[in-house]
Amino acid sequence: MNLIETYIGEVTRRLPESNREDIALELRSTIGDMLPENPSEEDVKSVLNELGSPVQMANGFRDWPMHLIGPQYFEHYVKLLKIVMPIALTVTFILFMTANVIDYTGTETIGAVFFHLLGDAISGLWNTFIQTLFWITLVFAVLERTNLKVTESCSTWSADELLKMTPPPKKKKISKFELFSDLLFAAVWATLYYNAEHLLGIIRNGTLDVPFFNNDVLLSYWPLVSLALLTAVLLALYKILVGYWTQRLAIANAVHHVFATAVVVMMLLNERLIHDDFTKFLSLSETLQNALLAAVGLFFVISAAIDIGKGFWKAKL
Amino acid sequence: MKVGEVVTLLNSLVTELRRGTLTLAVLSQLRSPQYGYSLVQSLEKSGISIEQSTLYPLLRRLEKQELVTSSWDTTENRPRKYYVLSEYGREIFEQLKAEWEKTTSELGSLLKGEEERESD
């Protein structure tokens, strides 16, 4: 009898908790039906052989997909990876080069710097590759397991759709360059923000002498800044999936820019943002310094407004 | 192609051909309540063999689709789970059956035409 319980256990442990009991009961009753009275071990074995491998039995019962990404999403998955991966790798490469040039103190020989750089770049690129692959795969695996209909279903396709598929005008298209610069900007902003302590300031003799910002004040905005960066990345992904400017994309673009600009302006309005050392270094009158900050803020607002306008204009073309 | 390859190809084609008919075969036996093993036996009597690892999941799926209902009978010495067609299942079965008959007659005349052409 032990064999039977082991078999049932092997099947049910592969199944969700909620159906285990019922399936175990049914299997037990079926096995009982198949066995003759006073069965020998040989009888039990032959019945279990007839039922087949417990793995296969359990697979049959599972209504969870047995694949990570199904045909519905696979095309989008590959497309996204193909576009995002080169961009992510290039951005990483540029950031590494820049960071190494900034860090260069002149004490190492060129050869040592080169090998140092090479090692850093390879591990950095590898890291980016794995991270990009992981997150995109995760998103699609989750999509696969929810019933969200992101893409219009193929079942209702008719030839009429071909008529609607006039290729969008070239001007509406989102260029690879635009996507690239979007993601590069997001990466640069992220690097500068989270490493402001080491990067943003006046550098003398290889060390940061006069910091621009009070780092703890700057970093106290991290949830908002991270959210703005996230919306930037999501917007870029949305651009990739759609491929050209639409009204919806223009609205999403506007939402992102309004939010990101609001965060920047909020930070600039904080009186404690600018480091005292930097104020001293500039030795400007308070009004002049405030005017300077206002100009910076205005620059952000205007460039956001231009980009929002451009989005709506392109969507209308 | 080697003989072995031909056999496995044929096997997989036959499996594919039969897969869709299993639902119909199972539904046809469930006008009156049946438990798992009795279903296997009545199908086998008509020459239809079904893997048990296919049958039980299939029954569950049919139940989820509300084509059959199930109930546990605990009056006998061994508790048994009985399956029977629901009202909706009966309707679907009749339509599926009509569809099957249409297909077989179409395919029959198609294959017959093929034979005649061969003998010409």
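The values are calculated or read from the model by the stated rules, or taken from the named source; none is laboratory data. Fair warning: this is a prediction, and the values are worked out from it, not measured in the lab. For neighbour counting, all protein chains shown are included, and Cβ atoms are generated from backbone atoms with ideal geometry for every residue, glycine included. Keep in mind that these areas ignore ligands, DNA and RNA; they rest on the heavy atoms of the full protein, side chains included. Shrake-Rupley method; radii C 1.70, N 1.55, O 1.52, S 1.80 Å.
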Mean Kyte hydropathy of -1.0 or more with a Cα span along the axis of at least 24 Å, helices from DSSP in chain B: B:3-28
Using alpha-carbon coordinates, inclination of helix A:176-194 to the longest axis of chain A, degrees: 80
Potential lengthening between residue B:32 and residue B:10 on full extension [0.36 nm per residue; Cα-Cα distance subtracted]: 4.4 nm
0 to 90° range, to nearest 10: angle between helix A:286-316 axis and chain A longest Cα axis: 50
Principal axis box of region A:3-61, alpha-carbon based, largest edge first, Å: 33, 18, 15
Cα pair distances of chain B binned at 10 Å [whole percent]: 11, 33, 30, 16, 8, 2, 0
Accessible surface ranking that places the most exposed of A:96, A:140, A:115, A:74 first, with a 1.4 angstrom probe: A:115, A:74, A:96, A:140
Residue A:123 accessible area, assembled protein chains, probe 1.4 Å, Å²: 70
Accessible area in square angstrom per residue, the protein assembly as shown, 1.4 angstrom probe: 65
Calculated [θ] (222 nm, deg cm²/dmol) that DSSP helices of n ≥ 4 give over the protein assembly as shown, each run adding -39,500 (n - 2.57): -24000 deg cm²/dmol
Amide proton proximity set for residue A:274, modelled H, under 5 Å, gap of 5+: A:214
Euclidean distance of C-alpha centroids, region B:32-106 and region A:50-101, integer Å: 38
Rounded FRET efficiency, nearest 0.05, which uses the C-beta distance separating residue A:55 from residue A:198 and R0 of 60 Å: 0.65
Cα pair distances of region A:219-292 binned at 10 Å [whole percent]: 17, 34, 24, 17, 8
Computed lengthening from residue A:62 to residue A:18, 0.36 nm per intervening residue step minus Cα-Cα distance: 14.7 nm
10 Å Cβ neighbours from other chains, averaged over peptide A:47-57: 2
Residue B:98-residue B:46 pseudo-label distance in nm [points 7 Å out on the Cα-to-Cβ vector]: 1.9
Cα-based Rg / Dmax (Å) for the protein assembly as shown: 33.9, 107
For B:49-57, mean number of other protein chain Cβ atoms within 10 Å: 6
Gap separating the Cα centres of region A:167-232 and region A:1-17, nearest whole Å: 54
Rounded accessible area of residue A:135 (nearest 10 Å², 1.4 Å probe): 140
Heavy-atom accessible area ranking, 1.4 Å probe, most first, across A:286, B:94, A:37: A:37, A:286, B:94
